[in-house]
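Chemist: So that we are looking at the same thing, I have put the structure below in structure tokens.
What follows draws every value from the coordinates through simple rules; no lab data is involved. For clarity, every value in this text was computed on a predicted model and none was experimentally measured. Please note: Cβ atoms are built from the backbone with ideal geometry, for glycine as well, and neighbour counts cover all protein chains shown.
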Amino acid sequence: MFLRVGYMTPVWKMINWGIVGALVLFSGIYSVIKDDFPIYWGISLGMATLFVILWSYAIFHTIVDMMEIEKRPIWYSTSLFPIYKFNPDNNGLEDHYAPTVALFSGLFVLLIWGFLTNIMVSPSWLGVAITIGIELVVMVATI
């Protein structure tokens with residue numbers, strides 16, 4: 001298969017993280033500059049962008065893992081970590097935490113957004129309901 005996702009040079013990783021950071025920061029800066037655009041919306045847009053990028057990364061890697069399952073099987077532990085993936089090049093196991101960490105990082109971003117909603121949006125119960133829903137999703141994803 002031609003798709004080798006996990007092998008990216010450090011320069012390309014820095015470029016990718018720079019693009020992600022620029023996209024997330026742009027919405028916050030735009031909300032401060034634009035008078036008719038509330039700061040809460042800008043922060044929410046930045047967090048939504050980060051959430052979509054993180055979960056797209058996790059879903060993409062999960063799809064690639066399922067496509068390579070015959071050549072590169074994955075071993076999951078009974079708890080959340082460790083996760084290992086077989087590397088046929090050196091006949092060894094490698095740590096394979098990237099999709100799981102991206103999934104839970106996205107949920108953490110949603111949790112921060114729920115707390116922010118609790119502070120900045122009226123009625124205050126809306127943020128509490130969102131935060132409780134996100135905590136339930138974290139619990140289900142962990143189990």
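Chemist: Between ILE74, ILE19, ILE59, find the one with the highest GNM mean-square fluctuation for the chain; connect C-alpha pairs within less than 10 Å.
Modeler: Most flexible of the set in this elastic network: ILE19.
Chemist: Can you give the longest run of the chain that contains no chymotrypsin sites (Phe, Trp or Tyr not before Pro) sitting in a DSSP loop with at most 12 other Cβ atoms inside 10 Å? Can you show the working numbers first?
Modeler: Numbers: sites that count: PHE2, TYR7.
Longest run free of exposed loop sites: 8-143.
Chemist: For the chain, set up a GNM with springs between Cα atoms under 10 Å and report which of PRO73, PRO88, PRO38 has the largest fluctuation.
Modeler: PRO88
Chemist: While we're here: Only Cα pairs within less than 10 Å get springs; with that Gaussian network setup on the chain, which residue of LEU111, LEU50, LEU126 has the largest fluctuation?
Modeler: Of LEU111, LEU50, LEU126, the Gaussian network model singles out LEU126 as fluctuating most.
Chemist: At 0.36 nm per residue, and after removing the present C-alpha to C-alpha distance, how many nm does the segment from VAL101 to THR62 gain when stretched out fully? Intermediate values should be presented prior to the final figure.
Modeler: Numbers: separation 39, 0.36 × 39 = 14.04 nm, distance 1.20 nm.
Full extension of this stretch gives 12.8 nm more.
Chemist: Relative contact order of the range 35-143, please, whole-number percent, based on alpha carbon pairs below 8 angstrom and at least 6 residues apart. Show your work: numbers first, answer last.
Modeler: Details: 97 pairs, mean separation 24.6, N = 109.
Answer for the range 35-143 is 23 percent.
Chemist: Here's a follow-up. Where a Cα-Cα gap under 25 Å defines reach, which lysines qualify for LYS71, not counting those fewer than 8 residues away within the same chain?
Modeler: Filter leaves LYS85.
Chemist: Give, in nm to one decimal, the length gained when the segment between VAL140 and LEU126 is fully stretched (0.36 nm per residue of separation minus the Cα-Cα distance).
Modeler: On the way: separation 14, 0.36 × 14 = 5.04 nm, distance 2.13 nm.
Taking 0.36 nm per residue and subtracting the Cα distance, the gain is 2.9 nm.
Chemist: Mind sorting out which of [x] 34, 16, 13; [y] 35, 21, 9; [z] 74, 14, 8 is the real semi-axes √(5λ) of the Cα gyration tensor in Å computed from the coordinates?
Modeler: Given [x] 34, 16, 13; [y] 35, 21, 9; [z] 74, 14, 8, the calculated one carries the label [y].
Chemist: With +1 on each Lys and Arg Cβ and -1 on each Asp and Glu Cβ, how big is the dipole of the range 10-142 about its Cα centre, in debye rounded to the nearest 20? List each step's numbers first, then the result.
Modeler: Working: 5 positive and 9 negative charges, 17 e Å.
Dipole magnitude for the range 10-142 comes out near 80 debye.
Chemist: Any chance you could run the full-extension gain for TRP75 through VAL11? It's 0.36 nm times the residue separation minus the Cα-Cα distance, nm to one decimal. Don't skip to the end; give the middle numbers.
Modeler: Details: separation 64, 0.36 × 64 = 23.04 nm, distance 2.94 nm.
So the extension gain works out to 20.1 nm.
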